[in-house]
Amino acid sequence: MTYPAPIMGTETTAHAWGIDTRFAQTAPCQVEMTINQSVFMAHMPEMIQAGLFNTQVTPALQKQAPHYLMNTLQMDVTPGFVHTLFTQRGAPARCHFAWFYTAPDGTRHPMVSFDMTRQAHDRIDWAHLRFGDMLTAAQNPVVDREFDVQVNQETIDVTIALSRNGEMPDLPTPTSATGSRAP
């Protein structure tokens, strides 16, 4: 594929689950990725069945922790989007990636953003990529403060809810002591 080819097609499962990608501009490269929260949450049972989320993520927990779940998903799919862009013929040397979500009321909110260079992309062992590997290669990560607060609160809620069921959460933790993570 030749840059700027779509990062993700409209006939994909991810698109059906509420994820959209677009080039905000091609020079300099800026990619925007958006999760439609209502569509995303409506398809949560399918994502659980597909193994993207723990089966302990009950409907009640889904309502309680939508930002946590959206953050977990963006951390899981972002490396694939970055890799797709930088493997295109004629890809730029650098690109800015920004995640947003569209709330049920239609308002758009920032989540995380970061820059990635082709050089950093090329140093990643894509054949053996592990969760979080891309985090160290990203430059200028920015986590929206409001989103960070929501994810942190919901992470506590998820941990408590799952521990009440006698289970320790095995969802990838999208936060650290300093808050949400950009990929």
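Determine, yes or no, whether residue 52 is touching a residue at least 24 places away in the same chain (Cβ under 8 Å), crowded, with 21+ Cβ neighbours inside 10 Å and either closer than 27 Å to residue 164 by Cα or under 17 Å from the mean Cα position of the chain (by Cα) (or both). No, not satisfied. Considering the stretch 81-102, the residues that are touching a helix residue (DSSP H, G or I) at 6+ places or on another chain (Cβ under 9 Å) and part of a helix (DSSP H, G or I) include one that is surrounded by the fewest Cβ atoms within 10 Å (Cβ to Cβ), namely 83.
Among residues of the stretch 116-131 being crowded, with 18+ Cβ neighbours inside 10 Å and outside any helix (DSSP H, G or I), the one that is modelled with the highest pLDDT is 116.
With 141, 169, 183 as the choices, which residue is outside any helix (DSSP H, G or I), closer than 18 Å to residue 70 by Cβ and modelled with pLDDT of 95 or more?
Numbers: 169 fails: modelled with pLDDT of 95 or more; 183 fails: modelled with pLDDT of 95 or more.
141 is the lone residue from the list that is outside any helix (DSSP H, G or I), closer than 18 Å to residue 70 by Cβ and modelled with pLDDT of 95 or more.
No other residue among 134, 75 is assigned to a helix (DSSP H, G or I), touching a helix residue (DSSP H, G or I) at 6+ places or on another chain (Cβ under 6 Å), of a type outside the set (Ser, Thr, Tyr) and at pLDDT below 95 apart from 134.
The values are calculated or read from the model by the stated rules, or taken from the named source; none is laboratory data. Please read these numbers as outputs of a predicted model, since none were measured by experiment. Heads up, the Cβs are rebuilt from the backbone with ideal geometry, glycines too, and the neighbour counts pull from every protein chain shown.
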